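*Asks:* Structure provided below as structure tokens; questions to follow.
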Amino acid sequence: MEYSGLSDPAGLPLLGGILAVLLIGISPVLSLFTRKLEKQADEFALNISQNPSAFRTAMTRLVNQNLAEAEPSNWLERLTQDHPSYTQRIRLADEFEKRRSVDRG
């Protein structure tokens, strides 16, 4: 069978293949962008609640409930993860708590 132009349905597998390759290529960039947004959301939650202990508890429950990997390998996280890892989120809460205690004097 011969491909005869853009309106030919025989070109759909080729289009699907091209889109799949493009998606694989941009997926790490999209994941990085989403992780940055999620980190900002975590920072916002910590600032609003002023309760890093509750944040840690919530993150621990989520990891346990979803059977998520607490610290995925670096390459796996960069290529596929769209949320910060559990350990990064706990580290963020620890840093927030340290800054808060320094600010209090």
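The values are calculated or read from the model by the stated rules, or taken from the named source; none is laboratory data. From a predicted model like this one, the values you see are computed outputs, not experimental measurements. FYI the Cβ positions are ideal-geometry reconstructions off the backbone, even for glycines, and counts take in every protein chain you see. SASA here: full protein model, heavy atoms, side chains in, ligands and nucleic acids out. Shrake-Rupley method; radii C 1.70, N 1.55, O 1.52, S 1.80 Å.
*Asks:* Looking at the stretch 51-75, which of its residues are polar (S, T, N, Q), open to solvent by 50 Å² or more (accessible area, probe 1.4 Å) and at pLDDT below 95?
*Replies:* Those that are polar (S, T, N, Q), open to solvent by 50 Å² or more (accessible area, probe 1.4 Å) and at pLDDT below 95: N64, Q65, N66, N74.
*Asks:* Only one of these conditions is not met by S4: (1) assigned to a loop (DSSP other than H, G, I, E, B); (2) closer than 30 Å to F96 by Cα. Which number is it?
*Replies:* It fails just one condition, (2).
*Asks:* Looking at (1) within 23 Å of R104 (Cα to Cα); (2) open to solvent by less than 60 Å² (accessible area, probe 1.4 Å), which is the only condition T34 fails?
*Replies:* Among (1) within 23 Å of R104 (Cα to Cα); (2) open to solvent by less than 60 Å² (accessible area, probe 1.4 Å), the lone unmet condition for T34 is (1).
*Asks:* Based on what the data block shows, is R78 modelled with pLDDT of 90 or more and surrounded by 13 or more Cβ atoms within 10 Å (Cβ to Cβ)?
*Replies:* So R78 fails the test.
*Asks:* The conditions are (1) open to solvent by 100 Å² or more (accessible area, probe 1.4 Å); (2) touching an Asp or Glu at 6+ places or on another chain (Cβ under 7 Å), and P84 fails exactly one of them. Which is it?
*Replies:* Result: P84 passes all but (1).
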